[in-house]
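See below for the structure under consideration.
The values are calculated or read from the model by the stated rules, or taken from the named source; none is laboratory data. Quick caveat, the model's predicted, so the values are computed rather than measured. Here the Cβ positions follow ideal geometry from the backbone for every residue, glycine too, while neighbour counts run over all protein chains shown. To get the accessible areas, we keep the full protein, side chains included, count just its heavy atoms, and leave off ligands, DNA and RNA. Shrake-Rupley method; radii C 1.70, N 1.55, O 1.52, S 1.80 Å.
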Amino acid sequence: MDCLFCKIAAGTIPVTRLYETDEVLAFPDINPQAPVHTLIIPKAHYASLAHTSPTETALLGSLLGAAVEVAKQQGLVNGYRVVINTGQDGGQTVEHLHLHLLGQRHMGWPPG
Ligand code: 5GP
Ligand code: ZN
């Protein structure tokens, strides 16, 4: 399948593998929007969050759990933001489900 994040998960495209389990992988975003900007993906292909089923609780939990672990690993003791852009209106540009973990700067709301 011609999917960038599937290739990263498979190791075809090399990245710094910050955290990894059988199910998920975390690696730095190529265009960071904060001093810490890590992407967390399932190794299996899901085009977006909207393509998961509410019964896939193990996978969804593993993704959030990985975010917590990477945040600890990166020393984000003052907090962080986890974002899942979904679909066109959500601003998703890579069609493989991913969480953004952003930290080490204050992030107000609304974003800007
Ligand atoms: P989205 O806009 O879909 O929520 O986020 C996609 C993210 O993937 C963007 O933050 C973008 O910088 C990142 N990205 C795109 N291509 C690559 C790549 O080849 N390697 C890495 N590490 N990140 C990428
Ligand atoms: Zn994929």
(message) Probe radius 1.4 Å, ligands and nucleic acids left out: which of R17, R81 has the largest accessible area, and how do the rest follow?
(response) R17, R81
(request) Amide H neighbours of V24 under 5 Å, at least 5 residues apart or on other chains, H built in the peptide plane: list them. (result) K43
(message) Per residue of segment 45-56, what does 6.51 cos²θ - 1.76 cosθ + 1.60 with θ = phi - 60° give for ³J(HN,Hα)? Whole Hz please, x for Gly and Pro, Karplus curve as stated.
(response) 7, 10, 5, 6, 4, 5, 8, 9, 9, x, 7, 7
(request) For A50 and V83, compute 0.36 nm times the residue count separating them, minus their Cα-Cα distance, and round to one decimal in nm. (result) 10.5 nm
(request) For K7 and M107, calculate 0.36 nm times their separation in residues minus their Cα-Cα distance, and state this gained length in nm to one decimal. (result) 32.9 nm
(request) Please name whichever of I30, G79, L99 sits farthest to the positive end of the charge dipole of the chain, dipole taken about the Cα centre and charges placed at Cβ: Lys and Arg +1, Asp and Glu -1. (result) G79
(request) For every other residue with a beta carbon closer than 14 angstrom to the beta carbon of A47, add +1 if it is Lys or Arg and -1 if Asp or Glu, then tell me the sum. (result) -3
(request) For V83, tell me the accessible area in Å² from a 1.4 Å probe, rounded to the nearest 10. (result) 40
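Starting from the residue with the highest accessible area, list I30, I40 in decreasing order, probe 1.4 Å.
Ranked from most to least accessible, the order is I30, I40.
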(request) Can you sort T86, T16 by 1.4 Å-probe accessible area, starting with the largest? (result) T16, T86
(request) Over the chain, give the accessible area per residue in Å² for a 1.4 Å probe, as an integer. (result) 59
(request) Go ahead and set up a Gaussian network model of the chain, Cα springs under 10 Å, then flag whichever of G90, G79, G65 fluctuates most. (result) G90
